[in-house]
1. Do you know which residues across the range 183-217 are crowded, with 20+ Cβ neighbours inside 10 Å, farther than 15 Å from Glu8 by Cβ and not β-branched (Val, Ile, Thr)?
2. Check Arg187, Arg193 and return the single one that is farther than 23 Å from Gly104 by Cα and out of contact with any Ser or Thr (no Cβ under 7 Å at 6 or more places or on another chain).
3. Restricted to the range 176-190, and to residues that are among the small types (Gly, Ala, Ser) and part of a helix (DSSP H, G or I), which residue is farthest from the chain's Cα centre (by Cα)?
4. Just need a number here: residues in the range 142-175 that are open to solvent by 10 Å² or more (accessible area, probe 1.4 Å) and in a strand (DSSP E or B).
5. Within the range 255-275, track down each residue that is under 21 Å from Ile140 (Cα atoms) and crowded, with 18+ Cβ neighbours inside 10 Å.
6. If I filter the range 269-286 for residues that are closer than 30 Å to Asn146 by Cβ, among the acidic types (Asp, Glu) and part of a loop (DSSP other than H, G, I, E, B), do I get at least one hit?
7. State all residues of the range 123-141 that are open to solvent by less than 50 Å² (accessible area, probe 1.4 Å), farther than 22 Å from Val248 by Cβ and touching a helix residue (DSSP H, G or I) at 6+ places or on another chain (Cβ under 9 Å); if no residue qualifies, say none.
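The values are calculated or read from the model by the stated rules, or taken from the named source; none is laboratory data. Everything numeric here is computed off the predicted structure, so don't read it as measured data. In this analysis, Cβ positions are derived from the backbone assuming ideal geometry, glycine residues included, and neighbour counts consider all displayed protein chains. What goes into the accessible areas is simple: the full protein's heavy atoms, side chains included, and nothing from ligands, DNA or RNA. Shrake-Rupley method; radii C 1.70, N 1.55, O 1.52, S 1.80 Å.
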Amino acid sequence: MSLYPSLEDLKVDKVMKAQSSFAASTAAPAIAEEASEGAVQSGAAMMPVLYPNLQELGDYMGLSLNSDEVQRNLALLPASGNQVATRPSALGCMVSPVTGNDVGLRRAEIKQGMREVILCKDQDGKVGLRLRNVDNGVFIQLVQANSPASLAGLRFGDQVLQINGQNCAGWSLDKAHKALKIAAESRIELIVRDRPFQRTLTMHKDSCGHVGFIFKKGKITSIVKDSSAARNGLLTEHNICEINGQNVIGLKDSEIKDILTTSGGAITITIMPKFIYEHMVKRMASGLLKSSMDHSIPEV
């Protein structure tokens with residue numbers, strides 16, 4: 001079973017598979033040498049090509065698609081069928097004829113499983129983290145820019161499962177922060193699970209450069225009918241945490257809009273339900289989120 005980053009990828013892939021299947025079924029059989037050359041040429045001319053112009057499909061979904069763009073995003077395998085090169089993912093393999101090997105999709109990926117992160121303290125004896133407890137779990141509330149935590153790739157919403165071999169389940173905030181404070185300066189071992197309360201959605205801009213949602217103070221308030229946002233399952237009452245992997249928490253709406261506008265045709269946003277988000281940032285000043293939160297673009 002194939003997986004796709006967006007509904008647009010799924011639709012284009014289905015069209016391509018249907019066309020490929022039709023082309024294979026209507027291919028002219030082997031003919032004897034004495035058959036006329038004109039008949040062969042006529043049959044070849046009637047054979048549909050594997051990648052016809054996709055403009056009609058693009059118009060239907062409000063996109064600006066063309067066959068050349070799709071071919072650049074795919075690499076045919078020399079084996080049978082119309083298999084395509086796929087992008088490795090924690091969920092298997094994704095087929096991306098429209099999204100392609102988009103760097104924003106890779107930056108935003110929420111990996112399944114857990115990972116070990118090794119931190120050291122800065123010259124002030126800090127790692128650049130603020131924590132928050134939710135449902136007896138410890139989560140990252142703030143990652144300070146240019147801190148050891150930021151350089152290690154930790155993100156808002158990551159769950160901390162262990163600190164130096166100690167399970168964090170049921171810990172109070174004081175106990176979690178104390179564990180970081182008393183840890184050795186040169187080595188702090190964390191076991192982390194990527195952002196369990198968040199999910200990502202990949203959408204595509206239409207010919208006007210829109211993906212089809214409205215937001216206020218970082219929260220999605222409405223979705224445009226028949227837009228890419230609507231097709232791909234974006235929900236209201238969710239807060240935008242990242243755009244193409246870049247944290248936007250604490251930024252002004254105008255700044256978030258600029259990031260959306262300057263992004264490419266494919267946009268992957270990371271969202272969190274409003275009630276969880278509000279609990280996560282509770283008792284944090286908006287100025288602290290804007291001035292201290294790491295808003296850098298992550299490397300992949």
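1. Answer for the range 183-217, where residues must be crowded, with 20+ Cβ neighbours inside 10 Å, farther than 15 Å from Glu8 by Cβ and not β-branched (Val, Ile, Thr): Leu190, Arg195, Gln198, Phe213.
2. None of the other options fit; the residue is Arg187.
3. Residue satisfying both the conditions and the ranking: Ala179.
4. Total meeting the criteria: 6.
5. Hits for the range 255-275 are Ile269, Thr270, Ile271, Met272.
6. No, that holds for no residue.
7. Matches in the range 123-141: Gly125, Val127, Val138.
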